[in-house]
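Taken together, the values in this text are just the output of simple stated rules run on the coordinates, not laboratory data. From a predicted model like this one, the values you see are computed outputs, not experimental measurements.
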Amino acid sequence: MISIVSFDWIPSISKAGAKSENFHGGPSNYYSPIALDENGDVSIKPLYLGMLAFSELAANFSRWLPSSVSSSHAESIAVHAAIDDQERIKVAIVSKFLDAEPNQIVSVNVTVPRARSAATHARAVRLVPNTWGGQSFEGTKDCKP
């Protein structure tokens, strides 16, 4: 759940003008992005995944774009859109509740500035427990998938 919260919270505060966010924890605290498990091995926590997802959304000098979502469950969905210095448009759709309807239809509207070329393809990356874009962090020793 915390990865969902962080992946919605961090873009929201960034849009409001925040330049940084402090997360608190310790070497074995659940709220730490990276902690040590009972054997002293590195353990990736959900907050790390939310931070990783945000870093990809904000990468390459991205600027926020106005966006909105239409759905019968719009209160349970957040959308964040950005355009980077290569004019790549990135959109994050966040389901805020774990018990949200899994196959709901969602319409996202993004206001895009005049671009040199039209988008020709899109790529979806899923954030699910301990996995980002199909890459697992299970058993990692160096925080890499």
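Is there a pair in K45/K144; K15/K96; K45/K96 whose C-alpha atoms are over 24 Å apart, and which pairs would that be?
Pairs exceeding the cut-off: none.
Quick one: what does P(r) look like for region 29-100 with 10 Å bins over all Cα pairs, in whole %?
Pair shares across the bins are 18, 34, 30, 16, 3.
Setting aside same-chain residues fewer than 8 positions from K141, which aspartates and glutamates have a Cα under 15 Å from its Cα?
D37, E38, D41
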